[in-house]
Amino acid sequence: MATHNDGQIVAWETHAQTDMTIEPAPIARDWMSQSDRRFAYRCLPLVIANQAGWVIGCPADFSVRWNGGESDNSLRIRFAHGREDGRIVSHFGHGVLTFSIPFLFRTPPGINLWVKGPANLIKDGIQPLEGVVETDWTCATFTMNWKLTRANRTVRFNRGEHICMIVPVPRSLAQSLDPVQRPMKDDEEVSRKFGNWKRSREAFSAAVKNMDEEAVRQGWQREYMLGLDESGVVFPEHQTRLALRPFRRVDESRGVVDE
């Protein structure tokens, strides 16, 4: 297999195809956009999670229905216009819908891929399953699987809809951490800063409830969004938006590089 720089994530094409796109995950989610005054976008952790990887698109319009059984024929998949797609099947039974992914991913040494549904995407009647794959060495591809959660309910997918999200994660990071639970009074600085934040939040919430003009005008406290601590100091590495690079297609045999 060809090599790549340590900083690269490579999506090797297992076969020629153009209908399962891979692109940086977008900020927007329909339910967030439909929230009152789009308030859901005020939650920066949600917004960052939405963008923290790349997403793969569904290749076909179809619906799926589960009869509650355990066998692989307990799912009924109906494709639009009768155009069946062999990449979308019932393979495992138990109401699990399987998408074949047309890429073999390779990551730098020590980096896994967390394979999951698009972050904060809500789809009624079905739940994306998640897996962590050691993509720095394996030459095996993976599938993306969704588990139907209610029998006898039809769930629809649209062509281009995001059905998989890949997120790079250091393999040994969680295991390397030393988990400690401590009473806050053991650290005067942490206790003081938390107390300042808590009093500020309680005062602002009370002001909004009492219809204080300035608090109502502000609508919400923005310190975390702005990366400000309780004393107004900016955290220098604060992120409000991610800018993942799109996959560029390289074909060395043809000397083609698509930026």
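FYI, it's all coordinate maths here, none of it is from the lab. These figures come from a predicted structure and were not determined experimentally. FYI the Cβ positions are ideal-geometry reconstructions off the backbone, even for glycines, and counts take in every protein chain you see.
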Original post:
Would you list 163, 27 from fewest to most Cβ contacts within 10 Å?
Top reply: 27, 163
Original post:
How far is helix 188-209 tilted off the main Cα axis of the chain, in degrees rounded to 10, range 0 to 90?
Top reply: 90
Subject >> Which labelled figure in (i) -0.77, -1.18; (ii) -0.67, -1.07; (iii) -0.93, -1.18 is log10 I(q)/I(0) by the Debye sum over Cα atoms at q = 0.12, 0.15 Å⁻¹, once derived from the coordinates >> reply: (iii)
**OP:** Quick one: net charge around residue 66, please, counting Lys, Arg +1 and Asp, Glu -1 for every other residue with C-beta under 12 Å from its C-beta.
**Re:** +3
Subject >> Theoretical ellipticity at 222 nm over the chain - DSSP helices of four or more residues, -39500 (n - 2.57) apiece, nearest 500 >> reply: -5000 deg cm²/dmol
**OP:** Work out, step by step, the length gained on full extension between residue 91 and residue 184: first 0.36 nm times the residue separation, then minus their alpha carbon distance; give nm to one decimal.
**Re:** 28.5 nm
**OP:** Filter the chymotrypsin sites (Phe, Trp or Tyr not before Pro) in the stretch 102-193 to those in DSSP coil with at most 16 other Cβ atoms within 10 Å of their Cβ, and list the result.
**Re:** 137
